[in-house]
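The values are calculated or read from the model by the stated rules, or taken from the named source; none is laboratory data. Small disclaimer: the values here were computed from a predicted structure and weren't measured. Counting neighbours? That spans all protein chains shown, and the Cβs are built from the backbone with ideal geometry, glycine included. Surface accessibility is based on the protein's heavy atoms, side chains included, excluding ligands, DNA and RNA. Shrake-Rupley method; radii C 1.70, N 1.55, O 1.52, S 1.80 Å.
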Amino acid sequence: MAANNNRRMSGKKGAQVGSGGQRRKGLEGKGPTPPAEARKGHKKNRIAGAQARQAARRPTSRTGGPRSKSASEMVVGRNPVVEALREGVPASTLYVQQFIDNDERVREALQLAGERGGIHLMEAPRPELDRMTNGLNHQGLVLQVPPYEYAHPEDLVAAAFDEGQDPLIVALDGVTDPRNLGAVVRSVSAFGGHGVVVPERRAAGMTAGAWKTSAGAAARTPVARATNLTRALEQYKKAGVAIVGLAADGDHEVGDLEALSGPVVIVVGSEGKGLSRLVGETCDYRVRIPMPGGAESLNAGVAAGVVLYEASRRRA
């Protein structure tokens, strides 16, 4: 009877001993099972962690040269291939079509590749060359150009100071024609500069066309790539380098600017738009090149050459 009375009493109001909702919560799902790589203690998680630590310890090369993580480039066609080899454009492999008509250009390409050394000669059937070039008219010759390895912007200043010299650097803002980049590299080399800086995005890179226009100067003059050009210029300012931007409405004429005799970065904008707003605001000086002939602007290669000559003259 006591047991029955207790069961009847359990329906009365008042504090009761219960689960506190824990049983209901225990029935709720906890979401999908995470992948093995994300589960702590799992073998794949330990492997992924070790790989990440190894990648973090791996040193990043910061010197100029013809290699990087970007994709390689193909020079296609008999005349372009011969011209690239004549100009010393870095190359890793020369592909020659099987049963190709052995004309004068083919013979010269083979001779130049053999004389230089370090270029692999590969014979390939036409369908394979068609596939490699996405159907371009390769005429039986394809030259593989290894990707360029860019320097770090800080390396250019450090190299100048190590040589006991004031840095003389050109930065390009919005210049998208590789031939202009090659021309600037050539001018920097000719006037004793220490390198060129280009933005990582929306800018010309060191393609085969830039190498050809530089006329071999790209092998001697490093090109650095900046993730953010404005930030790179600010770092140069902190290192005591003056930032001189070229602008048609500049406050100073290039021949009157004393800053060109010391450590300086010359910033050249695109021919159409000039300097971008943020880059222009970062410049210590905005200079103009007087043009009595009435031309509205000069292309990047010519403008950089004019200012580099003035800086070199002042340092002589």
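General remarks:
- Listed by position, the strands (runs of 3 or more DSSP E) inside segment 82-145 whose residues that are charged (D, E, K, R) number at least 3 form an empty set.
- Scan segment 271-304 for residues that are hydroxyl-bearing (Ser, Thr, Tyr), open to solvent by less than 70 Å² (accessible area, probe 1.4 Å) and out of contact with any Ser or Thr (no Cβ under 7 Å at 6 or more places or on another chain) and the total you get is 2.
- Residues in segment 264-278 that are in contact with a strand residue (DSSP E or B) (Cβ under 9 Å, 6 or more places away or on another chain), at pLDDT below 95 and closer than 19 Å to residue 188 by Cβ: 269, 270, 275.
- Residue pairs whose Cβ atoms lie under 7 Å apart, sitting 6 or more positions apart in sequence or on different chains, and linking a residue in segment 121-144 that is open to solvent by 60 Å² or more (accessible area, probe 1.4 Å) to a partner that is of a type in the set (D, E, K, R), are 139/78.
- Qualifying residues in segment 231-252 (those that are open to solvent by 20 Å² or more (accessible area, probe 1.4 Å) and within 16 Å of residue 302 (Cα to Cα)) - the one farthest from the chain's Cα centre (by Cα): 248
- Selection from segment 193-230 of residues that are surrounded by fewer than 21 Cβ atoms within 10 Å (Cβ to Cβ) and out of contact with any helix residue (DSSP H, G or I) (no Cβ under 6 Å at 6 or more places or on another chain): 200, 201, 202, 203, 205, 216, 219, 227, 228
- Residues located in segment 189-214, provided they are over 9 Å from the mean Cα position of the chain (by Cα), of a type outside the set (A, V, I, L, M, F, W, C) and closer than 19 Å to residue 156 by Cα: 189, 192, 193, 194, 195, 214
- The one condition from (1) of a type in the set (A, V, I, L, M); (2) touching a residue at least 40 places away in the same chain (Cβ under 8 Å); (3) surrounded by fewer than 20 Cβ atoms within 10 Å (Cβ to Cβ) that residue 158 does not meet is (2).
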